[in-house]
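Engineer: Below is the structure I would like to discuss, written out as C-alpha cells.
The values are calculated or read from the model by the stated rules, or taken from the named source; none is laboratory data. Please read these numbers as outputs of a predicted model, since none were measured by experiment. Counting neighbours? That spans all protein chains shown, and the Cβs are built from the backbone with ideal geometry, glycine included.
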Ligand SMILES: [Zn+2]
Ligand SMILES: [Zn+2]
C-alpha cells in the first residue's frame with residue numbers, strides 16, 4: 001500500500017518534531033520517508049504533489065466524534081462520517097460508543113472497524129463504553145474490547161454518576177493503559193436544563209444548566225485520577241472553572257488530559273438568541289469569559305486537544321421545540337478553519353493549534369500518527385491557509401446538516417488528505433473509496 | 001398608529017409607543033365590555049386558533065371571551081403533553097395549522113421560544129400566550145393597563161415583583177414592560193428564585209419583602225408552583241407562607257395606598273393572605289377584567305383591520 005508520493009515545496013509544520021520549514025516530504029510504503037531539500041531525489045516517484053504555498057501537516061486526529069453507526073444511519077454512517085472526516089483534513093477519528101446497540105462488546109467494535117475498512121478513508125478508532133450499555137452500573141469488558149480494537153473508553157452523553165463505579169473502572173483501565181474519557185455532567189445539577197445558567201438563559205427563559213454541573217464532575221474525576229493513578233481525559237471542557245481544575249491536576253502531575261471543541265471556543269451563549277436549535281449542545285455554549293478561558297487553556301496546553309464532538313442529527317431531531325431538540329452539531333469539516341481563527345486572532349500559536357489537532361490526540365489515544373518523522377504513518381493533511389470559503393451545509397460531506405456555521409466565511413481550506421500514503425481527498429472531492 | 005408587527009411574541013423588542021398603543025386601544029375595548037351588547041363586528045370573518053399545549057383555563061377563557069366580543073371565529077385546540085412527541089415535528093404542527101388557514105394563532109407552550117419558531121414559519125399572526133419561563137406579554141400588558149387605570153401613569157412608579165422570579169414568564173414580561181414605560185422595578189424572593197442576569201433586564205434586586213414593601217407603589221406577588229416543591233426551591237408551603245408570604249401584618253409595612261396584584265390563580269394563604277387578596281388594596285379582580293380588554297386590543301391590532309390596506313407589514317419582534 002502507498003506508492004511513493006513526493007509533496008514538494010510546502011511548509012511542513014510538525015510540532016511533535018519541532019519542524020516548521022519549507023521542505024519536500026517523501027512518503028513511501030505507507031510511511032513517512034525522507035524530509036528535506038532533496039527528499040525525492042533519485043527515487044522513482046509515482047506522484048508529485050506541488051505544495052508551494054500550502055501547509056503540510058501531520059494528518060489531523062479527532063479523538064471525539066459520533067459516526068452514528070450502528071443504529072442511526074439516517075444521521076451518519078461510518079462511510080459518510082469518514083468522508084466528512086477526510087474532507088475536513090482528519091486522517092483518523094475516534095468514534096463514541098453511544099450507538100444502537102452501544103459499543104460495549106467486541107462484535108460491535110469489529111462491525112465498526114469492518115465498515116471503516118470498507119470505506120477505506122480515514123482511520124477509525126472505536127471508543128468502547130465505560131459501563132455495559134452505558135447504564136453506569138457495571139463496567140464493560142475492556143480486555144475484549146481492547147483486543148477487538150477499542151482505543152479508549154467513554155460513556156459520552158451518559159455520565160457515570162456513581163463515583164464508586166467510576167473509581168473501579170479507572171483502576172481496572174490501568175491494566176490496559178487506556179484513557180477513560182469523561183463527559184463531565186452532574187445530572188442532578190444539570191436537571192432538565194438546556195442552556196448555560198446566565199443572563200442569556202434568564203432573558204430567553206431557557207431552563208438553566210449551571211457551570212457547576214460540569215465543574216463538580218471534573219473535580220470528582222481529578223480526585224479519582226489522584227486516587228487511582230489512571231488516565232482520565234476530560235471531554236469538551238467548556239467553563240473557566242473546569243480549565244482551572246485541569247490546570248491544577250496537571251500541575252500536580254496527574255494523568256489528566258482535556259479537549260475543547262471548536263463550537264465552545266468559537267461561539268457564546270448569545271448564539272441562543274432566536275432559539276436556533278443548531279446551537280443546542282451539551283455541554284451548553286457558555287458566556288465570553290468561559291470561552292476566553294477555554295482559548296487560554298488551548299494556548300497554554302492545559303487543554304491538550306481540539307476535538308470536534310461531531311454530532312450529526314436529522315431534521316426530525318432538530319426541527320423541534322428547543323427543549324425537545326437533540327443536542328449536538330456537526331463539526332468535522334469546519335474544525336480546522338475555526339481553529340485557525342484562534343491563530344489569526346493572535347490568541348493561540350499555529351504550532352499549538354496543529355499539535356492540538358495531531359500529536360496530542362494521538363498520544364491520548366495511544367495510536368500512531370500525529371507526527372511526520374521518518375517511519376511515522378504517511379498520514380498528511382495539505383492546507384491552503386489563504387483560501388477563503390463559505391460554509392454551505394448542503395455541500396458538506398456529512399449526511400447531516402446541523403451546523404450553525406452556515407454562511408460563515410472561513411479562511412483555511414483542506415486541499416488534500418493522505419491516509420497511509422494514499423490520497424483520499426483532493427481539491428474538494430473524495431477520490432478513493434474502498435479498501 | 002405605531003403598531004405594524006405581525007406577531008406578539010414578547011415584550012422584549014417592543015418600543016414604548018407600541019406598548020402605549022396597546023394600552024390605549026385596550027381602553028376603548030374596555031368600554032365595549034361594559035355595554036349591554038358586548039360585541040362588535042371588527043373581527044367578523046377572521047379565524048383565531050387558541051392552541052394550548054399547556055393547561056390554562058384562565059388565560060384561554062380570557063382570550064376566548066376577547067375573541068367572541070370581537071366576533072372572531074374561535075377554535076380551541078388543546079394538545080396533550082408538554083412537548084410534541086418525537087416523530088411529530090414542530091414543522092408538522094406548523095403545516096397542519098397553516099392548512100386551517102387561521103388569521104391569528106394564540107399559542108401557549110411549555111417550551112420557551114416555540115411561539116417565535118412557529119411565527120417564523122407561518123403567515124398567521126402568532127400571539128404568545130405564555131412560553132415556558134420566557135414571556136407572557138399579554139399578562140404584562142394587562143398588568144400595566146391595570147396600574148395605569150388606577151394610578152394614571154406608569155412612569156415614575158416603583159413596582160415590586162416578589163416570588164419565583166426565575167421560573168416566571170410574568171416576571172420577565174412585567175420587568176421589560178414596566179421599564180419600557182419608565183417605572184423602577186424591584187424584584188425579590190428567596191435566593192434560588194432570583195436568576196442571574198435579571199439586573200440586565202432592568203430590574204433591581206431587593207431580596208426581602210420587608211425591605212421592598214416601603215419602597216413600592218405596587219407589589220406584584222407571583223404564584224408559587226407548589227408542584228415544584230420536589231425541586232426544593234423552598235422547604236414547604238407553610239414555611240413560604242410564614243417567611244415570604246404577604247400577610248396583613250407585612251402589608252402594613254408598605255405605604256398606605258400600596259396596591260397589591262397577582263397574576264392568579266392565587267394560592268390563598270401561601271403567597272397572599274386571603275384578607276389581603278380580598279382587601280381594599282387588592283387589584284386582583286381588576287387584572288382579570290383588564291385581561292379581556294387587553295387581549296381584545298392585541299387581537300384587533302394583530303388582525304391588521306386597523307391598518308390601511310397598503311400599510312407596511314412589519315416583522316414580529318422579540
Ligand atoms: Zn459528551
Ligand atoms: Zn460527544
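Engineer: For the stretch A:184-208, enumerate the residues that are in a helix (DSSP H, G or I) and away from ligand 1 (no atom under 16 Å from the Cβ).
Structural biologist: A:188, A:199, A:200, A:201, A:202, A:203, A:204
Engineer: If I filter the stretch B:90-117 down to residues being closer than 15 Å to residue B:5 by Cβ and assigned to a helix (DSSP H, G or I), which single residue comes out as nearest to the other protein chains (Cβ to nearest Cβ)?
Structural biologist: Going through the qualifying residues, I end up with B:116.
Engineer: Kindly indicate the residue of the stretch A:145-160 that is out of contact with any strand residue (DSSP E or B) (no Cβ under 7 Å at 6 or more places or on another chain) and under 16 Å from residue A:68 (Cα atoms) and also nearest to ligand 2 (Cβ to nearest atom) among those meeting that condition.
Structural biologist: It comes out as A:157.
Engineer: Let me ask another. Hey, does the stretch B:91-104 have a residue that's at pLDDT 95 or above and in contact with a helix residue (DSSP H, G or I) (Cβ under 8 Å, 6 or more places away or on another chain)?
Structural biologist: Yes - at least one qualifying residue is present in the stretch B:91-104.
Engineer: Also: Looking at the stretch A:223-245, is at least one residue touching a strand residue (DSSP E or B) at 6+ places or on another chain (Cβ under 9 Å), within 30 Å of residue B:136 (Cβ to Cβ), in a loop (DSSP other than H, G, I, E, B) and more than 16 Å from ligand 2 (Cβ to nearest atom)?
Structural biologist: No, that holds for no residue.
Engineer: While we're on this one: Answer with yes or no whether residue A:253 is on the phi > 0 side of the Ramachandran plot and away from ligand 1 (no atom under 16 Å from the Cβ).
Structural biologist: yes
Engineer: Condition test on residue A:363, is it assigned to a helix (DSSP H, G or I), farther than 22 Å from residue A:414 by Cα and more than 16 Å from ligand 2 (Cβ to nearest atom)?
Structural biologist: yes
Engineer: Could you please find all residues in the stretch A:64-85 being within 14 Å of chain B (Cβ to nearest Cβ) and either touching a strand residue (DSSP E or B) at 6+ places or on another chain (Cβ under 8 Å) or away from ligand 2 (no atom under 15 Å from the Cβ) (or both)?
Structural biologist: Selection gives A:74 alone.
Engineer: Would you please name the residue that is modelled with the highest pLDDT, looking only at residues in the stretch A:318-331 that are away from ligand 1 (no atom under 16 Å from the Cβ) and closer than 15 Å to residue A:393 by Cβ?
Structural biologist: So the residue we want is A:318.
Engineer: When you go through B:74, B:79 one by one, which is the residue that is over 30 Å from residue B:149 (Cα atoms) and surrounded by 15 or more Cβ atoms within 10 Å (Cβ to Cβ)?
Structural biologist: Working: B:74 fails: over 30 Å from residue B:149 (Cα atoms).
On inspection, the qualifying residue turns out to be B:79.
Engineer: So, one more: Looking at the stretch A:351-375, which of its residues are touching a helix residue (DSSP H, G or I) at 6+ places or on another chain (Cβ under 9 Å) and farther than 21 Å from residue A:258 by Cβ?
Structural biologist: Correct list: A:368, A:372, A:373.
Engineer: Sticking with this structure for a sec: Only strands (runs of 3 or more DSSP E) wholly contained in the stretch A:1-77 count here; list those with 3 or more residues that are surrounded by fewer than 17 Cβ atoms within 10 Å (Cβ to Cβ) and touching a helix residue (DSSP H, G or I) at 6+ places or on another chain (Cβ under 9 Å).
Structural biologist: Those strands (runs of 3 or more DSSP E) do not exist here; none qualify.
Engineer: A follow-up question, please. Just wondering, is there one or more residues in the stretch A:133-141 that are under 19 Å from residue A:329 (Cα atoms), modelled with pLDDT of 95 or more and touching a strand residue (DSSP E or B) at 6+ places or on another chain (Cβ under 9 Å)? So that I can check it myself, show each step before the final result.
Structural biologist: Within the stretch A:133-141, the subset under 19 Å from residue A:329 (Cα atoms) is none.
No, every residue in the stretch A:133-141 fails to be under 19 Å from residue A:329 (Cα atoms), modelled with pLDDT of 95 or more and touching a strand residue (DSSP E or B) at 6+ places or on another chain (Cβ under 9 Å).
Engineer: Go through (1) in contact (Cβ under 8 Å) with a residue 12 or more places away in the chain; (2) away from ligand 1 (no atom under 16 Å from the Cβ) and name the single condition residue A:65 misses.
Structural biologist: Here residue A:65 clears every test but (2).
Engineer: Then there is this: Determine whether residue A:193 is within 14 Å of chain B (Cβ to nearest Cβ) and either within 30 Å of residue B:135 (Cβ to Cβ) or surrounded by fewer than 23 Cβ atoms within 10 Å (Cβ to Cβ) (or both).
Structural biologist: yes
Engineer: Scan the stretch A:299-349 residue by residue and report those that are out of contact with any helix residue (DSSP H, G or I) (no Cβ under 8 Å at 6 or more places or on another chain), on the phi > 0 side of the Ramachandran plot and either within 14 Å of another protein chain (Cβ to nearest Cβ) or away from ligand 2 (no atom under 16 Å from the Cβ) (or both).
Structural biologist: Hit for the stretch A:299-349 is A:346, nothing else.
Engineer: Does residue A:206 satisfy the criteria of being in contact with a strand residue (DSSP E or B) (Cβ under 7 Å, 6 or more places away or on another chain) and closer than 17 Å to residue A:327 by Cβ? Please lay out each step first, then the result.
Structural biologist: Numbers: in contact with a strand residue (DSSP E or B) (Cβ under 7 Å, 6 or more places away or on another chain): yes; closer than 17 Å to residue A:327 by Cβ: yes.
Taking the combined requirement at face value, the residue satisfies it.
Engineer: Also: I'd like the full set of residues that are exposed (fewer than 15 other Cβ atoms within 10 Å of the Cβ) and within 14 Å of chain A (Cβ to nearest Cβ), limited to the stretch B:1-51.
Structural biologist: Correct list: B:13 only.
Engineer: Here are some conditions: (1) closer than 23 Å to residue A:204 by Cβ; (2) crowded, with 17+ Cβ neighbours inside 10 Å. Residue B:213 meets all but one. Which one does it not meet?
Structural biologist: Condition (1) is where residue B:213 drops out.
Engineer: Return a yes/no flag: does the stretch A:114-124 have any residue that is within 17 Å of the chain's Cα centre (by Cα), within 16 Å of ligand 2 (Cβ to nearest atom) and in contact (Cβ under 8 Å) with a residue 24 or more places away in the chain.
Structural biologist: yes
Engineer: Filter the stretch B:280-294 down to residues that are assigned to a helix (DSSP H, G or I) and in contact with a strand residue (DSSP E or B) (Cβ under 8 Å, 6 or more places away or on another chain) and give me whichever is nearest to residue B:63 (Cα to Cα).
Structural biologist: Among residues in the stretch B:280-294 that are assigned to a helix (DSSP H, G or I) and in contact with a strand residue (DSSP E or B) (Cβ under 8 Å, 6 or more places away or on another chain), the one nearest to residue B:63 (Cα to Cα) is B:287.
Engineer: Another question, then. Would you confirm whether any residue within the stretch B:233-253 is surrounded by fewer than 21 Cβ atoms within 10 Å (Cβ to Cβ) and either in contact with a strand residue (DSSP E or B) (Cβ under 6 Å, 6 or more places away or on another chain) or within 14 Å of chain A (Cβ to nearest Cβ) (or both)?
Structural biologist: Yes, the stretch B:233-253 contains a residue that is surrounded by fewer than 21 Cβ atoms within 10 Å (Cβ to Cβ) and either in contact with a strand residue (DSSP E or B) (Cβ under 6 Å, 6 or more places away or on another chain) or within 14 Å of chain A (Cβ to nearest Cβ) (or both).
Engineer: What's the total number of residues in the stretch A:265-292 that are in a helix (DSSP H, G or I) and either surrounded by fewer than 24 Cβ atoms within 10 Å (Cβ to Cβ) or within 13 Å of chain B (Cβ to nearest Cβ) (or both)?
Structural biologist: The total comes to 12.
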